[in-house]
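The values are calculated or read from the model by the stated rules, or taken from the named source; none is laboratory data. Since the model is a prediction, treat every value here as computed from it, not as a measurement. Virtual Cβ from ideal backbone geometry, glycine too; neighbours counted across all protein chains shown. Each accessible area value is taken on the protein alone, full model and side chains, heavy atoms only, with ligands, DNA and RNA left out. Shrake-Rupley method; radii C 1.70, N 1.55, O 1.52, S 1.80 Å.
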Amino acid sequence: MTDNNVHADAAILEAAGEELPAKPTRPMLLVIGRVLRDPVGLLGVLIVTVMVLAAIFAPWIGWQNPYDLSQLDFMDGRLAPGSQSMSGVTYWLGTDDQGRDLFSAILYGLRTSLMVGVLSAAIALVIGTAAGLTAAYAGGRVDTLIMRVVDIQLSFPPILIALILLAVLGQGVDKIIVALVVTQWAYYARTIRGSALVERRRAYVDAARCLALPPRKVVFSHILPNCLPPLIVVATMRVAYAISLEATLSFLGIGLPVTKPSLGLLIANGFNYMMSGDYWISLFPGLALLLLIVGINLVGDTLRDVLNPRMQR
Amino acid sequence: MSAALITAEGISRRFAKHPDLAARIANKLGAHHASRVVHAVDDVSLSVNEGEVVGLVGESGCGKSTIGRIIAGIDSPSDGRILYRGEDMAKAEGARARHIALKIQMIFQDPLDSLNPRYRMGEIVREAPRYHRVAPARELEAHVDSVLERVGLDPRTKDRFPHQFSGGQRQRIGIARALAVNPELIVCDESVASLDVSIQAQIINLFMRLRRELGLSYIFISHDIGVVRHISDRVVVMYLGRVVEEAPVEELFAHANHPYTQALLREVPRLDNRHISFTPLSGEIASPLAPPPGCHFHPRCPFAMDVCKRVRPALLEIAPGHKSACHLNTEPAAAAAEA
């Protein structure tokens, strides 16, 4: 296989003659390009981009701040989609029991859900990566200790750990991020340890050590960047998982406070009225959540295919 | 004879498989999982003089790569010490230790595997000299370019990634990376084994040119006797972690003393012996986990005597600069009787 590559490369160089190709692009840019060329990947990226932009610009897109009680009119409570308010505004997605415009509430809910999901995934990523790299590079007892903690952690259902933690810590955005980080870091640690163990044995790591580069440089400049592809895939999927876990916790009423509705809390609010025929209060936030998670998973799936070493080059 | 640049004294390297927790519990309950120890390298001494090329040959699994990695500082010996110009490398500290470490560099077998796929070629060569301040910051780029030109790479290709080079070019990048820190000894671990024959010749010629231009010494580890004969001044033959014979290259090829060396040399394909039927060495190379007692080679040796099964033969000088570890040299009477 290596031989074929060698000949292919030589042929390319000969075809190009003495002409030097333009500055080669970074592999990461090539990956992004390949994701965008894949129809499924493009769809995922579009969905995620639209939802992230909607979340970021929520105060400008939504005409009502659902957290500001002075803007809410109790008289507008539980209006069906498309109905008009007392002040003549059309609620395209209806309103909830507090008289919140559901469209605005979904935008703000997306904001909370995305922030919680991305932030907890990012913190878990850093902690998990540090733990996994340490385990792989140090080996021996340190490795055993860290990985047994990971095993124990992963043997509990994440929802159970989160429930216990939130019962102890109480409600709040910061608390739920802590709970999500605690339930998620182990996945990152296990993923990165696996790939770091492989990379550590490769000759370029030996070469770096032979060049008397310090361990910190060997780990962070050589091993870590080469472990990133599987980590990126896991991180993408885990963001989606964190968002749905947060929604679950909020739905159960132990996640975020009622004054800061995330998507999960909006669904929970509407759940009480499902039986009375007011389907829209739960349905639309639910669809938004579904769309977001499907979008992230589509991106993750495509990334996994693109980054698969067996499909590269 | 010039002074020894590197001396390895009584180097051993054992790889132990320690019983894990499950095995320890099983042992407590009466199972017998012994911890298994491999003597990859067993009390090996060798030295490299300034400007000398030492060939290290032997079958796969004989510990030649482990020796190379220990001398290059990638692995550390279980016993024994490595002296750089008489100074114990393990005792050096801080800046001095780094200085000595840089004097010994290694070229690897698989050129693509030895290059970080996420570094551009220039960065691969530049990284170590920049970190160790081999050249002043202003002259760093000029230093890198001069090294690249010395190994026959176009400095204009510095922006490319390793996978965009051919196999021979990749090996040149590995050589440039080593040369960029001004080494004195280069350990070549099967450095040409994965290349086409024509490319092999180019790389070997490059090694020899660098030796002339920079006064480099080499430890050339290979299973290819022909290549080793071509470039070495002195050859060390290893079998199952031990040195069995050591001699200047012409002496070794003319008067191989150890039965293993004789068998090894018989198998070298040559134009003038194409009609000779090969008599392959009988038996398999023994498992390093359970090496035979006495002389490791005795189960395959056509001249094996009783003493070979019990006593490890010492590496004795049988001619000036020619050492061999064989009981036949010390007990000629017994050998004659056996023969």
Tail beyond 21 Å, pair distance distribution of the stretch A:157-289 (Cα, percent): 56
Accessible area (Å², per residue) of the stretch A:29-311, counting only protein heavy atoms and a probe of 1.4 Å: 46
At R0 = 35 Å, FRET efficiency that the Cβ-Cβ distance of B:Tyr131 and B:Lys17 yields, to 0.05: 0.50
Total formal charge among the other residues, if their Cβ is under 13 angstrom from that of A:Val35, Lys/Arg +1 and Asp/Glu -1: 0
Cα pair count fraction exceeding 20 Å, expressed as % - the stretch B:126-254: 51
Top of B:His230, B:His143, B:His258 by mean-square fluctuation, Gaussian network on chain B, Cα under 10 Å: B:His230
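May I ask you to derive the relative contact order of chain A, considering only C-alpha pairs under 8 Å and at least 6 residues apart, and to give it as an integer percent? Let's see the in-between values first.
On the way: 430 pairs, mean separation 73.8, N = 313.
Relative contact order of chain A: 24 percent.
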Calculated [θ] (222 nm, deg cm²/dmol) that DSSP helices of n ≥ 4 give over chain B, each run adding -39,500 (n - 2.57): -9500 deg cm²/dmol
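Tell me the mean residue ellipticity at 222 nm calculated for chain A from its helices only (DSSP H runs of n ≥ 4, each -39500 (n - 2.57), averaged over every residue, nearest 500).
Rounded to the nearest 500, it is -23000 deg cm²/dmol.
Take the alpha-carbon positions of the stretch A:77-173, form their convex hull, and give its projected area averaged over all directions (one quarter of the hull surface) in nm².
On the way: hull surface 35.5 nm².
Answer in nm², one decimal: 8.9.
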Assigned charges on the beta-carbon of Lys, Arg, Asp, Glu; the stretch A:29-311 dipole about Cα centre (debye): 1520
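For the stretch A:29-311, report the % of Cα-Cα distances exceeding 33 Å. Kindly include the intermediate steps, with their values, before the conclusion.
On the way: 13400 of 39903 pairs.
Roughly 34 percent, rounded to a whole number.
Of A:Ile32, B:Ile204, which has the most accessible area with a 1.4 Å probe, and how do the rest follow in descending order? List each step's numbers first, then the result.
Working: A:Ile32 90, B:Ile204 10 Å².
Heavy-atom accessible area, descending, gives A:Ile32, B:Ile204.
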Those aspartates and glutamates that a straight Cα-Cα span of less than 13 Å connects to B:Lys91, excepting residues fewer than 8 apart in one chain: none
Candidates B:His322, B:His298, B:His163: whichever shows maximal mean-square fluctuation once chain B is modelled as a Gaussian network with Cα springs under 10 Å: B:His163
Summed residue charge, Cβ within 14 Å of A:Ser282's Cβ, Lys/Arg positive, Asp/Glu negative: -1
Residue (of B:Gln164, B:Ala8, B:Ala290) at the positive-pole extreme of chain B, dipole from beta-carbon charges: B:Gln164
Hull shadow area, averaged, the protein assembly as shown [alpha-carbon convex hull, nm²]: 40.7
Cβ charges +1 (Lys, Arg) and -1 (Asp, Glu), total dipole of the stretch B:120-252, debye: 540
Dipole-positive endmost among A:Ile254, B:Ser191, B:Gly321 within the protein assembly as shown (Cβ charges, Cα centre): A:Ile254
Label-point separation, A:Tyr279 to B:Asn205 (7 Å along Cα→Cβ), nm: 8.1
Selection from A:Leu166, A:Ala242, A:Ala80, by position along the positive dipole direction of the protein assembly as shown (Cβ): A:Leu166
Percentage relative contact order, chain B, counting C-alpha pairs under 8 Å, at least six apart: 19
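Quick test of the membrane-span-like rule: which DSSP H helices of chain B reach at least 24 Å along their long axis (C-alpha atoms) with mean Kyte hydropathy at least 0.0? The partial results should precede the final answer.
Details: long enough: B:197-214 (25 Å, 0.41).
Membrane-span-like by this rule: B:197-214.
To the nearest 20 debye, what is the magnitude of the charge dipole of the protein assembly as shown about its Cα centre, counting +1 on the Cβ of each Lys and Arg and -1 on the Cβ of each Asp and Glu? Show your work: numbers first, answer last.
Working: 64 positive and 61 negative charges, 167 e Å.
Roughly 800 debye, rounded to the nearest 20.
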Computed over the stretch B:159-210, the ratio Rg/Rh where both radii use C-alpha atoms and Rh is Kirkwood: 0.96
Where B meets A: accessible area buried, both sides, 1.4 Å probe, Å²: 3200
Computed label-point distance, nm, for sites A:Thr144 and A:Thr90 using a 7 Å Cα→Cβ extension: 7.0
Choice from B:Leu315, B:Leu240, B:Leu21 showing the highest fluctuation, given a GNM over chain B with Cα pairs closer than 10 Å: B:Leu21
Accessible carbon and sulfur surface of chain B relative to its total accessible area, %, 1.4 Å: 53
Straight-distance crosslink candidates among lysines, where the alpha carbon sits under 23 Å from A:Lys260 and sequence neighbours closer than 8 are dropped: A:Lys175
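With a Förster radius of 41 Å, plug the Cβ-Cβ distance of A:Leu154 and B:Arg36 into 1/(1 + (r/R0)^6) and report the FRET value to the nearest 0.05. The partial results should precede the final answer.
Working: r = 31 Å, r/R0 = 0.75.
Step by step, r from the Cβ atoms, then E = 0.85.
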Positive minus negative residues near B:Ala4 (Lys, Arg vs Asp, Glu; Cβ under 10 Å): -1
